[in-house]
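Nothing in this text is a laboratory measurement; each read-out follows from the coordinates by a stated rule. Quick caveat, the model's predicted, so the values are computed rather than measured. Please note: Cβ atoms are built from the backbone with ideal geometry, for glycine as well, and neighbour counts cover all protein chains shown.
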Amino acid sequence: MTALAKLETPLAPVRTADVDWEVLGTHGLRRKRLGHDVSTGHVTFLLDIPRGWHGGGVAHYHEGFEEVLMLSGSVTLDGQHHWHGGDYFYRPAHVVHGLAESSQEGARALVRCDRMLELLLVPEPERSTEYPLPGQTDPRGHVFSVKVDDIPAECDPAFPREWKIKSLSRDPQTGARTFMTIVPPGWTGSAPAMAGDWEAFVLDGDVAGAAHRYGDGDYTVGSAADGLLAASASERGATVMVWMFDGAR
Ligand SMILES: [Fe+2]
């Protein structure tokens, strides 16, 4: 099964279990591509880091951003800070990182980035942990590491009042945002239109929409008019990772 070309077939479920792994680079990383957008270069994928992994270990930066939700395991990119399952980070373009990459236990993560990430090497990094170069101007800022558990789950006027939203990052200029949605068990209703096109990944639970049912590990995309997952009911409740774009895209 191949990745979904974003918005060519809105709301079609991509079942992660049905997607083949592809090898990424030369250090044992694998990924399952869930969605990609040929017009912008955005790609969203499930990343597998094997137990005992060591990366290139050379400080570098990219011309694009990396946005990551850690699902399980742990990984370090500088030998000091470890990201664990349940952590989120948003690393803008032009942030130097990767001084000492390794993972003892392996890890799984959901990753979204805006292009193929070429390694632009920094042979003599100024710091031992990741840091922005002067050209870093992403309005989302650099979210180094947050624990999703620590983020308050709040009502959001853009969504049904029974839903709770955990905001992970936001672009104040465009309104684009990344957040987690918590739908309670037994919910029925109607997902309202969104402020922009979106992607969603069901972390756990179930959501029924007008034409499709989504469960653990299902990914899809939609337009603003579709409403999130075109949701109308959830039996067990659901936790859904959502990436929403500005209305212009
Ligand atoms: Fe990198």
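Which value, to two decimals, describes the C-alpha radius of gyration of the stretch 152-244 once divided by 2.2 N^0.38 Å?
Here the Cα radius of gyration is 0.97 times the empirical estimate.
Which whole-percent values make up P(r) of the stretch 13-149 when all C-alpha to C-alpha distances are grouped in 5 Å steps starting at zero?
Pairs per bin, as whole percents: 2, 10, 18, 25, 24, 14, 6, 1, 0.
If you find the alpha carbon centre of the stretch 55-77 and of the stretch 219-246, how far apart are they in angstrom?
After rounding, the separation between the Cα centres reads 27 Å.
Above 30 angstrom, tally the Cα pairs of the chain and express them as a % of all pairs, no decimals.
25
Grab the Cα-Cα distance for residue 18 and residue 154, subtract it from 0.36 nm times how many residues apart they are, and report the gain in nm with one decimal.
Working it through step by step, the gained length comes to 45.6 nm.
HN-Hα J couplings of the stretch 50-67 from phi, Karplus 6.51/-1.76/1.60, θ = phi - 60°, integer Hz, Gly and Pro as x?
So the Karplus estimates, Gly and Pro as x, are x, 4, x, 5, 10, x, x, x, 10, 4, 7, 9, 10, 7, x, 8, 10, 10 Hz.
Could you sort 104-113, 122-131 so that the peptide with the highest average Cβ count within 10 Å comes first and the rest follow in order?
The most tightly packed comes first, giving 104-113, 122-131.
Restrict the search to the stretch 170-249; then list the chymotrypsin sites (Phe, Trp or Tyr not before Pro) that DSSP places in a loop and that have at most 12 other Cβ atoms within 10 Å of their Cβ.
Of the chymotrypsin sites (Phe, Trp or Tyr not before Pro), not one in the loops of the stretch 170-249 has a Cβ with at most 12 other Cβ atoms within 10 Å.
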